[in-house]
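Okay, structure first, notes after.
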Amino acid sequence: MSLEFLNAFKFIKKKSIMHKMDPRSKLVLSLIYTISALLFNEIIPLFFIFLSLVPIILLGKLFKQWIKSIRGLSFLIIFIVVLDTLFISFSFAIAMIFRILTMVSAFSIFFLTVDPNDLALSLISMKVPYEFAFSFSLAFRFVPTIAYEAQNIIDAQQSRGYEMQQKGLINQIKNLFPLLIPLIICSIRRAFNVAEALESRGFGSDKERSYYHTIKYSLKDWIFTFYSLLLLSVLIYISIGINYNFMPEFLTWSLPV
């Protein structure tokens, strides 16, 4: 059992166009791609939506981390294929795989390119109270920490002779208990430590805050946002066209049963 794929959602500082953009424009992109993926149940539109994310991933120099996030979904993909093929159809299963890949890829881009500090500032600029913005960015920052702790717990259990790689669904569920219980205890301890540290520094005592640096919506952010909204508008039109049968038939193509 490996949790390395969670590193695909850990912020990595790089010099790229995506890293320099405002977090709000990347949040808009992630939300729009998620909404777009939910508009369709057909293979062709979902495939092209997924394909349109690849240039953005390459612009952000995120290809290796993105592949890790996709690899981490292998169990879920197999589960979707088996379940949907049995109860609905193989075509629907493939379409749902493209939907999941699109949504995970979109938010993977967001988490990999947004600094937790900039995330808090972007939320504050959207009139979110500082306490909520700080809590969200802190949770965002601790995701890779929890992943490292979980991997350490797995290694410790295996060093004591506990078999964590047993095959079978029942065994996989049983293997979660020696992982989750120590992980929950460690998380509770960390939460108390963070709370004490914040209290000792007078967190929340002053309502008027100052900030070391600010973020600004630049021209490239507006262009990127316009592209995202234009994409959503086109996809909504295509979705309506498919539902009312005035779009080309190839958009509703499905695999033969």
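Roughly what would the spin-label model give for Thr34 and Leu229, points 7 Å off Cα along C-beta, in nm? The modelled label-to-label distance comes out at 2.0 nm. Of the residues Asp118, Asp155, the one with the fewest other Cβ atoms within 10 Å heads the list, and the complete ranking is Asp155, Asp118. With neighbour counts taken as other beta-carbon atoms within 10 Å, the residues Leu180, Leu31, Leu53 rank, fewest first, as Leu180, Leu31, Leu53.
When the alpha carbon coordinates of segment 1-126 are projected onto the principal axes, the ranges are 46, 34, 25 Å, largest first. Taking 29 Å as the cut-off for C-alpha to C-alpha distance, list the pairs among Lys10/Lys127; Lys68/Lys216; Lys64/Lys127; Lys13/Lys68 that go past it. Where the Cα-Cα span goes over 29 Å, the pairs concerned are Lys68/Lys216; Lys64/Lys127.
Any read-out appearing in this document is the output of simple, stated calculations on the displayed coordinates, not a laboratory observation. What you see is a predicted model; the values in this text were computed from it and never measured. So basically every Cβ, Gly included, is an ideal-geometry build from the backbone, and we count neighbours across all protein chains shown.
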